[in-house]
1. Exactly one of these conditions fails for ALA58: (1) away from the ligand (no atom under 12 Å from the Cβ); (2) more than 12 Å from the chain's Cα centre (by Cα). Give me its number.
2. Only one of these conditions is not met by ARG47: (1) within 16 Å of the ligand (Cβ to nearest atom); (2) surrounded by fewer than 21 Cβ atoms within 10 Å (Cβ to Cβ); (3) modelled with pLDDT of 95 or more. Which number is it?
3. Of the residues VAL66, VAL106, VAL120, only one is under 21 Å from LEU161 (Cβ atoms), within 15 Å of the ligand (Cβ to nearest atom) and either without any contact (Cβ under 8 Å) to a residue 24 or more places away in the chain or out of contact with any Gly (no Cβ under 6 Å at 6 or more places or on another chain) (or both); which?
4. Considering (1) touching a Phe, Trp or Tyr at 6+ places or on another chain (Cβ under 8 Å); (2) closer than 25 Å to CYS155 by Cβ, say which one ALA79 fails and leave the rest.
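The values are calculated or read from the model by the stated rules, or taken from the named source; none is laboratory data. In this text, all values refer to a predicted model and were calculated from it rather than measured experimentally. Ideal geometry is used to build each Cβ from the backbone, glycine not excepted, and the neighbour counts take in all protein chains shown.
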Amino acid sequence: MIRAAVLEDAAVIARIHVASWRETYRTIMPDPYLDQLSAENRESGWRKSLAEGPVFVALDQTNEIVGFANGGPSRENDATEGELYALYLLKSHQGQGTGKRLFDHVLEDLRRKDFQSCIVSVLADNPSRFFYERFGGRLVSGQPIERGGKQLIACTYRIVLVPSFNA
Ligand SMILES: CC(C)(COP(=O)(O)OP(=O)(O)OC[C@H]1O[C@@H](n2cnc3c(N)ncnc32)[C@H](O)[C@@H]1OP(=O)(O)O)[C@@H](O)C(=O)NCCC(=O)NCCS
């Protein structure tokens with residue numbers, strides 16, 4: 001099930017965020033960088049995000065949060081462009097259609113706010129970038145970024161948002 005997160009979810013989202021980063025980036029980012037990530041440090045950032053806009057969480061059958069996604073105005077481009085800021089699901093819950101459902105919730109929220117497109121930044125080394133290609137994402141650029149002393153490439157994908165008929 002997907003629901004909108006509330007402020008009280010901040011600590012759990014921060015914990016899932018760190019756990020999912022460690023699972024996703026273990027072979028991509030240096031171990032010391034991933035090991036020093038702290039859910040406590042990320043919690044305040046999530047409180048801020050939750051106050052600013054919707055964050056969607058995926059729940060398992062016992063109503064535990066196992067993933068999350070959020071979006072909003074693009075941090076880079078003009079006012080007509082939205083951005084998917086984050087989409088993370090614990091490995092144990094991937095491959096069951098849940099990531100797509102979280103993604104759809106964010107895109108629908110952006111459409112409702114009249115954004116005409118959505119960008120997402122994803123590391124070139126992350127196979128999840130092909131998920132965005134699967135759903136119409138077009139690669140528009142790549143920029144070097146550094147994480148824990150390692151040089152990486154961040155790809156930007158753009159997804160055109162077709163207005164939904166029941167908007
Ligand atoms: C990317 C992610 C959210 C996808 O979620 P998921 O629940 O595993 O994917 P779903 O089961 O919803 O897949 C929906 C469709 O996308 C496809 N898909 C899923 N991951 C894919 C991938 N990496 N590459 C290509 N297609 C993919 C599935 O095969 C499925 O296709 P179908 O509709 O033809 O059956 C998830 O793998 C994840 O959390 N990855 C780690 C975190 C991450 O890297 N996030 C992105 C950071 S920018």
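1. Single failed check for ALA58: (1).
2. Every listed condition holds for ARG47 apart from (1).
3. Details: VAL66 fails: under 21 Å from LEU161 (Cβ atoms); VAL106 fails: either without any contact (Cβ under 8 Å) to a residue 24 or more places away in the chain or out of contact with any Gly (no Cβ under 6 Å at 6 or more places or on another chain) (or both).
Checking each option against the conditions leaves just VAL120.
4. For ALA79, the exception is condition (1).
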